[in-house]
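> One structure is given below, represented as structure tokens, and several questions about it will come after.
Throughout, read-outs are computed from the coordinates displayed, never taken from laboratory work. Remember, predicted model here, so these are calculated numbers, not experimental data. Reconstructed Cβ throughout: ideal geometry from the backbone, glycine too, with neighbour counts over all protein chains shown.
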């Protein structure tokens, strides 16, 4: 294949990678919502975004490589990617609703206090109040907080990059694996860079907004926002 063909493929990969990410609300919204609700700094939010972006691209590369290796037709691969897209949208909706429900329950538990009496050796009796949400906080943080991060990562690994596979089929048909790698790198780097840019803009934009009175609902609202984003993908097909 001519050098001009490679240039066209690379420019196409960069353009589609950018547009594919830009119009996909699921590429940024979950990270902005979760990062702000959890009180993460921008660096931690971007690290999770990058890891999920790498998994997102790698998932489709693996599917494409298997398809190419077994000679699966492009139409079949597109059907598989379409199915993965449908499932991913529902997974995002489920993740958002589950996270919102869990956060609401935790919030309500934190509002419920109990009084206990303690008798000391000298006969002194005193009482104190506590709630379930703050007791043993270190244990809860260690066991519960990473769950949402790993769940989001798994969802993104399963999520398809539908536009990537057709571009890989062109150089793969000529067994030009160097070009396959270059096209994959161009698409992947553009996709991840765009994700990072969108998350940065969203994160910093929320810093300029004050939600006084709603701070206690931050995690609940984050879950609702993520579920809404998944619903938008399902309804609009983006």
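> Can you sort 175, 20, 56 by how many other beta carbons sit within 10 Å, fewest first?
In increasing order of surrounding Cβ atoms, one gets 175, 20, 56.
> Quick one: Cα convex hull volume of segment 5-107, Å³ per residue?
Roughly 127 Å³ of hull volume per residue.
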